[in-house]
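What follows is a single structure, written as structure tokens, with notes after it.
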Amino acid sequence: MENGGNFEFLNHLKKRQSELERINHPMIRYEDSFRYLYVFGLGVMALGNMKAMMELQDYFDEILDKLCISKKNKEQVITDINNYFDFRLTECIDKLKEKEVQYCFILDLYKMYQLTLWSQDYCEKILDYYQQIFRFSDIERKFFEGFSDCSSKKDVDRATEMYNAFRKKGYEIRYSILTYFFPEFILEEEYGDIVVKAGKTFVIDKPVTVNGDIEVERGGSLLMSGGILKIYGRIKVNGGRIRLYNTRVRVLKNDYEYFMQIDNAAIVQISDSFIDCGQFSGFMKQTSGRLILTDTIVSNAAVSRSVSFYGRSAVITRCRFINCDCGAVSLYNRARVEIKNCEFIKCIAEYGAALYSESIGNVECEDCVFDKCNAKYLGAALYFKYQKFGQYIKNCICRECNPNENQIFNVYDDDFEIQRIEKRGTADDIRYINQV
């Protein structure tokens, strides 16, 4: 990698952070073909009638932009409505099978309907048509009509009453979908200790405060998606399932070594999230299975390593570890691990401030930055306990890491070379490059 254009993943991380902080359309992560058929379905209302087109064209264009529909496909929507309407509509209905997708789609239609004056009769018929196709119950119809009306009037109290009544009747809708269409709709929940039993799923998709621990028993599931969790305690998983996506977690108190203790798990997936351990504990200890940790920032870990992994295999990509007072990542047993495009900032430990490995499995570290990491003894950035084939680093930079003379410890001498690179008139950075 050339200096100045190095480590493009850092720009990617910044971009991902800005994306997380920006409110995106709930369907943005679906594949292109799905998003095209989704907007085609909306286009039936926005473009299917001359009066509707005059009133809704601008807002419909905003939806297209938020869903990243190409200019070519924007033009194709009009072509398909005029020439291949029945065929495309059949495809659209076939794609919109999931209840969550249908809910979002109807709210998009209601959002457009709220903007109409001359074309209300036409838009009402389109709304009714789709709800018949989706086989919405009277309860669902009443909720979406009422919630959309609350959104237009900014009536948070009534919207909250309707949402709670909707859930009590056995229906669920993702909180992030509701807040996309009604940003002022803020609903916070508070719990004591939570125990997720076998066959049950506990979902955190809104601002939640937990005054205690969350325990997931064998057969139970904890799903955090788009939520904000403030917790006075820890998460303990024993044989259950856990998934974090687009979640912000702040630990306000924890008396254990780790915020998350995960045992007997097959796979743990954490992505697009922010974890602040509050200097109370390490982030997570996983003793089995597979870990996939991507596009996530972990900060202010203390007491123990930020991540201690004893499982079978792990992939850690495009992550940042910041202010880890007892080191960032540690690996044990036979763990096979890939760490790519990550940044480690101000990590401290006795050995291997960013990465400490006792694993006898293959460990690959590639395209990473170690910034101001310090070890008391050896391995300011990386420390491998065993000097063995299969553990290597490639295209990594150490910046102001101490002790300077052994920033990377116990890698075969012929596995990499060290280059000092000039940056802004200094020679502070050391780059480790695999030889061919």
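What follows draws every value from the coordinates through simple rules; no lab data is involved. Here the structure is a predicted model, which means the values were calculated and not measured. Glycine also receives a Cβ, built like all others from the backbone with ideal geometry; neighbour counts cover every protein chain displayed.
Show me, for region 374-387, the HN-Hα J-couplings you get by feeding each phi into the Karplus relation (A = 6.51, B = -1.76, C = 1.60, θ = phi - 60°), rounded to Hz, glycine and proline as x.
Ordered by residue, 3J(HN,Hα) equals 9, 10, 5, 10, 10, x, 4, 9, 10, 10, 9, 5, 10, 8 Hz.
Less than 23 Å apart at the alpha-carbon level, and either on another chain or at least 8 residues along: which lysines does that give for LYS394?
Correct list for LYS394: LYS14, LYS340, LYS346, LYS372, LYS385, LYS423.
Please report the net charge: other residues with Cβ closer than 12 Å to the Cβ of ILE262, K and R +1, D and E -1. Don't skip to the end; give the middle numbers.
Numbers: positive: ARG234, LYS236, ARG241, ARG243, LYS285, ARG290; negative: GLU215, ASP263.
Residues near ILE262 contribute +4 overall.
If I model a spin label as a point 7 Å beyond the Cα along the Cα-Cβ vector, how far apart are those points for PHE34 and THR201 in nm?
With each label placed 7 Å out from Cα toward Cβ, I get 1.4 nm.
Which longest run of the chain has no exposed loop site in it, a site being GluC sites (Glu not before Pro) in a DSSP loop with at most 12 other beta carbons within 10 Å, and the site itself not part of the run?
Details: sites that count: GLU2, GLU31, GLU98, GLU172, GLU184, GLU188.
Formally, the longest exposed-site-free interval is 189-436.
Per DSSP helix of 4 or more residues, -39500 (n - 2.57); summed, then divided by the residues of the chain. What does that give at 222 nm, rounded to the nearest 500? Could you put the intermediate results ahead of the total?
Details: 10 runs with 136 residues, N = 436.
Taking each H run of at least 4 residues, the total per residue is -10000 deg cm²/dmol.
So, in Å, what gap is there between the alpha-carbon centers of region 338-403 and region 135-210?
44
Among the lysines in region 24-136, how many pairs, 8 or more places apart or on different chains, have alpha carbons under 16 Å apart? Mind showing how you got there, number by number?
Numbers: LYS51/LYS125; LYS66/LYS74; LYS66/LYS111; LYS111/LYS125.
Lysine pairs meeting both conditions in region 24-136 amount to 4.
Name the aspartates and glutamates eligible as straight-distance cross-link partners of LYS230: C-alpha to C-alpha under 12 Å, and not fewer than 8 places from it in the same chain.
The qualifying aspartates and glutamates are GLU188, GLU189, GLU190, ASP213, ASP276.
Using only the Cα atoms, work out Rg/Rh for region 254-434, with Rh taken as the Kirkwood radius, to two decimals.
Working: Rg = 15.1 Å, Rh = 15.9 Å.
Rg/Rh: 0.95.
Checking the a/c ratio against 1.5 first, then a/b against b/c, what shape does the Cα gyration tensor give for region 228-268?
Values: a/c = 3.06, a/b = 1.30, b/c = 2.36.
Oblate, since a/c reaches 1.5 and b/c is not below a/b.
Return the distance in nm (one decimal) between the two label points of a simple spin-label model at GLN76 and GLU366, each offset 7 Å from Cα along Cα→Cβ.
3.3
Rg(Cα) of the chain divided by 2.2 N^0.38 Å? Kindly include the intermediate steps, with their values, before the conclusion.
On the way: Rg = 25.5 Å, N = 436, 2.2 N^0.38 = 22.2 Å.
My calculation over the Cα atoms of the chain gives 1.15.
Subtract the Cα-Cα distance of LYS376 and ASN402 from 0.36 nm times their separation in residues, and report this length gain in nm to one decimal. Write out the running numbers ahead of the final one.
Working: separation 26, 0.36 × 26 = 9.36 nm, distance 0.83 nm.
So the extension gain works out to 8.5 nm.
Shape of region 28-120 from its Cα gyration tensor (a ≥ b ≥ c, root eigenvalues): rounded if a/c is under 1.5, otherwise prolate when a/b > b/c, or oblate? Walk me through the intermediate numbers first.
Details: a/c = 1.41, a/b = 1.22, b/c = 1.15.
Cα axes put region 28-120 in the rounded bin.
What lysines sit close enough to LYS236 to cross-link, taking a C-alpha to C-alpha distance under 23 Å and skipping anything fewer than 8 places away on the same chain?
Once the sequence-local lysines are set aside, what remains near LYS236 is LYS197, LYS200, LYS206, LYS253, LYS285.
Shape of region 72-133 from its Cα gyration tensor (a ≥ b ≥ c, root eigenvalues): rounded if a/c is under 1.5, otherwise prolate when a/b > b/c, or oblate?
Details: a/c = 1.71, a/b = 1.15, b/c = 1.48.
Cα axes put region 72-133 in the oblate bin.
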